[in-house]
Amino acid sequence: TLLDQFDQAFTLDSRTQTLLVARSMEAAKLVDAALQGQPKGYLEARHAVFLADIQRMPRLIAKMFAVPAMRDYSYRVMLDREGRVAPRYPGAVDKVLWLQLKDGRLMDQHEYATAAQLREALETSGP
């Protein structure tokens, strides 16, 4: 169970099919760019969850600036503050890691280096 940018708890369950992991500000910006213009609930409709790995971010910066800025997003951001989830899955820091899940088990994974690639993948995984 992790908290989102509104301090609401969330636990991955069997309905979650895709976990998008951003390990850096650059990767998080790719997710944001891919989701620009999408309606609220876009990720949820695709059974996808966005996880931001913020364990290396200084706590004061996270609390005062980063997390409050995330509250303006039209999508939920699960915050991995303690490194409980993201480190389990190796991947490039500057890319978005796409983890394909089935009943909570990892089935496949991909990395996306551009917002366009990620947007296309999200579109093809549509509801």
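The values are calculated or read from the model by the stated rules, or taken from the named source; none is laboratory data. All of these numbers come straight from a predicted model, not from anything done at the bench. Backbone-built Cβ (ideal geometry, glycine too); neighbour counts: all protein chains shown. We work out accessible area using only protein heavy atoms, side chains counted, and drop any ligands, DNA or RNA first. Shrake-Rupley method; radii C 1.70, N 1.55, O 1.52, S 1.80 Å.
Is it the case that some residue within region 113-123 is modelled with pLDDT of 95 or more and among the β-branched types (Val, Ile, Thr)?
Within region 113-123, one or more residues are modelled with pLDDT of 95 or more and among the β-branched types (Val, Ile, Thr).
Just one of the numbered conditions (1) aliphatic (A, V, I, L, M); (2) closer than 15 Å to GLU123 by Cα; (3) in contact (Cβ under 8 Å) with a residue 60 or more places away in the chain is not true of VAL49; which one?
(3)
How many residues, within region 74-116, are surrounded by fewer than 15 Cβ atoms within 10 Å (Cβ to Cβ), under 15 Å from MET25 (Cα atoms) and of a type in the set (Ser, Thr, Tyr)?
1
When region 22-34 is examined, which residues are found to be among the hydrophobic types (A, V, I, L, M, F, W, C), crowded, with 20+ Cβ neighbours inside 10 Å and in contact (Cβ under 8 Å) with a residue 60 or more places away in the chain?
Within region 22-34, ALA22, ALA27, LEU30, VAL31, ALA34 meet the criteria.
Please tell me if GLU123 is within 15 Å of the chain's Cα centre (by Cα) and open to solvent by 50 Å² or more (accessible area, probe 1.4 Å).
Here the answer is no, as GLU123 does not meet what is asked.
So which residues in region 64-96 are more than 19 Å from THR11 (Cα to Cα) and assigned to a strand (DSSP E or B), if there are any at all?
Once the filter is applied, which keeps residues that are more than 19 Å from THR11 (Cα to Cα) and assigned to a strand (DSSP E or B), region 64-96 yields only VAL96.
Criterion first (aromatic (Phe, Trp, Tyr), open to solvent by 20 Å² or more (accessible area, probe 1.4 Å) and not in a loop (DSSP other than H, G, I, E, B)) does PHE50 satisfy it?
no
When region 18-43 is examined, which residues are found to be among the basic types (Lys, Arg) and assigned to a loop (DSSP other than H, G, I, E, B)?
Across region 18-43, the qualifying residues are ARG23, LYS40.
For the list (1) under 27 Å from GLY126 (Cβ atoms); (2) out of contact with any strand residue (DSSP E or B) (no Cβ under 6 Å at 6 or more places or on another chain), I need the number of the one condition that ALA22 fails.
Here ALA22 clears every test but (2).
Of everything in region 97-113, what is part of a strand (DSSP E or B) and among the charged types (D, E, K, R)? Give them in sequence order.
The answer is LYS102, ARG105, ASP108, GLU111.
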